[in-house]
Ligand SMILES: [Zn+2]
């Protein structure tokens with residue numbers, strides 16, 4: 001169905017995130033699905049969940065500039081019953097935190113500054129960025145070291161860029 005002219009498109013980011021959240025919901029429902037729902041019912045439920053999540057993300061993205069988005073989210077919020085418990089994190093997810101805490105050596109670190117780095121490049125074309133001290137991301141080692149209270153780490157060369165410690169692969 002084409003969007004009405006005055007409805008902004010669902011952004012690719014919101015569309016992708018709706019898929020990821022819908023998969024999280026689907027996986028969290030797995031036991032319930034097995035016990036209570038047929039595969040056909042689950043197949044019917046999946047797009048309902050996915051589209052509802054996409055709608056809420058779209059409304060959040062457009063909330064500042066579009067009254068309809070504000071009204072929609074405000075209405076949903078007013079419907080939340082006071083007996084709903086506060087959300088909690090899933091056990092599977094918490095276990096992945098425990099695993100990561102026990103295996104810090106599995107994080108890639110920069111050969112220059114030892115900060116944790118991520119490869120955000122496409123397949124076969126690595127592109128490394130630091131997880132910066134201020135919570136953002138930076139390619140440059142010195143830029144990544146910036147903290148509002150302390151400034152930059154002047155011991156880091158301005159030319160250094162995120163580079164993984166060699167692990168037997170070319171970088
Ligand atoms: Zn670095």
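FYI, it's all coordinate maths here, none of it is from the lab. From a predicted model like this one, the values you see are computed outputs, not experimental measurements. Neighbour counts run over all protein chains shown; Cβ positions are idealised from the backbone, glycine included.
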Checklist line | Whole-angstrom gap from the range 36-84 to the range 6-31, using each part's C-alpha centre | finding: 10 Å
Check: Measuring from label point to label point, each 7 Å out along Cα→Cβ, what is the residue 16 to residue 52 span in nm?
Finding: 2.6 nm
Check: By count of other Cβ within 10 Å, fewest leading, how are 34, 7 ordered?
Finding: 34, 7
Next item on the list: With a point put 7 Å past each Cα toward its Cβ, work out how far residue 137 is from residue 93 in nm, to one decimal.
Entry: 2.0 nm
Notebook entry, point to check: Using helices alone, what [θ] at 222 nm do you get for the chain, with -39,500 (n - 2.57) per DSSP H run of 4 or more residues, divided over all residues and rounded to the nearest 500?
Noted result: -14000 deg cm²/dmol
Check: Can you give the Kirkwood hydrodynamic radius for the chain, in Å, rounded to one decimal and based on Cα pairs?
Finding: 20.4 Å
Notebook entry, point to check: Relative to the first principal axis of the alpha-carbon coordinates of the chain, what is the inclination of helix 67-79, with its axis defined by its Cα atoms, in degrees from 0 to 90 and to the nearest 10?
Noted result: 70 degrees
Check: What is the distance, in nm, between label points placed 7 Å from the Cα along the Cα-to-Cβ direction at residue 40 and at residue 146?
Finding: 5.9 nm
